[in-house]
Structure formats: structure tokens, C-alpha cells
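Heads up: the structure comes next, in C-alpha cells.
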Amino acid sequence: MKKISICGKEYPIECNAFTYVKHKELFKKSIFDDINILNSFLILQAQIIKELKEKNPEISDEDIIKSMSSLMIGDIGDFVDAVTRVAYIEIYSANNKILEYEDWLKSIPKLSTNDDWIVEVTELAVNCFC
């Protein structure tokens with residue numbers, strides 16, 4: 001079973017047909033809607049990085065992050081909603097004894113759009129369903 005680490009806490013994750021059904025039951029939307037949000041965000045992020053580097057080849061990673069934060073502010077909310085729903089449902093699929101979604105969110109002190117676990121939960125969902 002695959003595991004992810006969010007803010008130093010390790011969680012087993014799983015993705016299967018139950019994941020799809022439970023996501024729809026808990027969040028009243030298809031997991032594919034969330035996968036599309038994640039995919040669109042990551043594509044936009046890559047495009048912005050490419051454009052920033054083309055305009056200024058000497059730009060630092062720090063400046064890229066600062067620029068992206070302001071350029072993508074309108075998309076970050078949907079991204080965070082989608083990625084936390086996908087992560088939660090994958091964790092729930094592996095262990096249904098997890099806290100309720102909102103309580104689980106309260107246990108996460110910090111989210112960054114470039115956290116490693118985000119790629120892991122996204123890849124697991126895509127590989128499971130696509």
C-alpha cells in the first residue's frame with residue numbers, strides 16, 4: 001500500500017472503485033471533476049513558469065514562486081479544495097477510521113501547492129481511473 005506524508009504525518013492511501021463511489025457520496029461531485037481541476041491547475045502552473053523563464057532566463061526559483069502566487073491567486077482556492085478532497089478520499093479508502101473531512105483539514109497546519117504529496121495523490125487517482 002502506498003503512503004504519503006502531509007506535514008510530517010504519514011497516511012496510507014488507496015484508490016479503487018470504492019474511492020469513486022465514496023467521493024461522490026461525501027462531496028456530491030465526481031472525482032473526475034476534481035482530477036480535471038488539478039490537471040488544469042498544473043498545466044496553467046507549467047505555462048506560467050515557462051513564460052516567466054522565457055521573459056527572464058535569469059529568474060530565481062524564489063521569484064518564480066512569488067510571481068506564480070499572484071498570477072494564480074484566482075485558481076488556488078479550487079485547487080486546494082480539489083486536492084484535499086482527492087487526498088482525503090484516498091486516505092479514507094485505505095482507512096475508513098480517519099477523522100471526518102473537516103476535522104482532518106483542521107489537523108493540517110500548512111498547505112503549499114508544490115507539496116510532494118499533491119503529486120502522489122494526483123498520480124494515484126489518474127492511474128486508477130484513466
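Since every read-out is calculated from the coordinates, none of them should be taken as a lab result. It should be emphasised that the depicted structure is a prediction, and the values quoted were computed from it without experimental measurement. Here the Cβ positions follow ideal geometry from the backbone for every residue, glycine too, while neighbour counts run over all protein chains shown.
Measuring from the lowest to the highest alpha carbon on each principal axis, how far does the chain reach, largest first, in angstroms?
48, 29, 26
Note down the magnitude of the dipole of region 67-130 about its Cα centre, charges +1 on Lys and Arg C-beta and -1 on Asp and Glu C-beta and zero elsewhere, to the nearest 20 debye. Walk me through the numbers on the way to the answer.
Numbers: 4 positive and 11 negative charges, 26 e Å.
I would put it at about 120 debye.
Just subtract the alpha-carbon distance of Ala17 and Val126 from 0.36 nm times their residue separation and send over the number in nm, one decimal. Let's see the in-between values first.
Numbers: separation 109, 0.36 × 109 = 39.24 nm, distance 1.28 nm.
The span from Ala17 to Val126 would gain 38.0 nm if fully extended.
Specify the inter-centroid distance of region 52-87 and region 98-120, based on alpha-carbon positions, in whole Å.
18 Å
If Lys and Arg each add +1 and Asp and Glu each add -1, what is the summed charge of the other residues whose beta carbon sits under 15 Å from the beta carbon of Val21?
Taking every other residue near Val21 into account, the sum is 0.
Between Asp81 and Met1, what is 0.36 nm times their sequence separation minus the Cα-Cα distance? Round to one decimal in nm. Walk me through the numbers before you get to the answer.
On the way: separation 80, 0.36 × 80 = 28.80 nm, distance 2.47 nm.
So the chain would gain 26.3 nm between Asp81 and Met1.
Can you give the local net charge around Asn95? Use residues other than it whose beta-carbon is closer than 14 angstrom to its beta-carbon, Lys and Arg +1, Asp and Glu -1.
+1
Work out which trypsin sites (Lys or Arg not before Pro) in the chain are exposed loop sites (DSSP not H, G, I, E or B, at most 10 other Cβ within 10 Å) and give the longest gap free of them.
Numbers: sites that count: Lys28, Lys97, Lys110.
By the stated rule (loop sites, at most 10 other Cβ atoms within 10 Å), 29-96.
Only loop residues by DSSP count here, and only those with at most 16 other Cβ atoms within 10 Å; note down the GluC sites (Glu not before Pro) in region 65-130 that meet that. Don't skip to the answer; put the middle values down first.
Numbers: sites: Glu90, Glu100, Glu102, Glu120, Glu123; in loops: Glu100.
Hits after loop and neighbour filter: Glu100.
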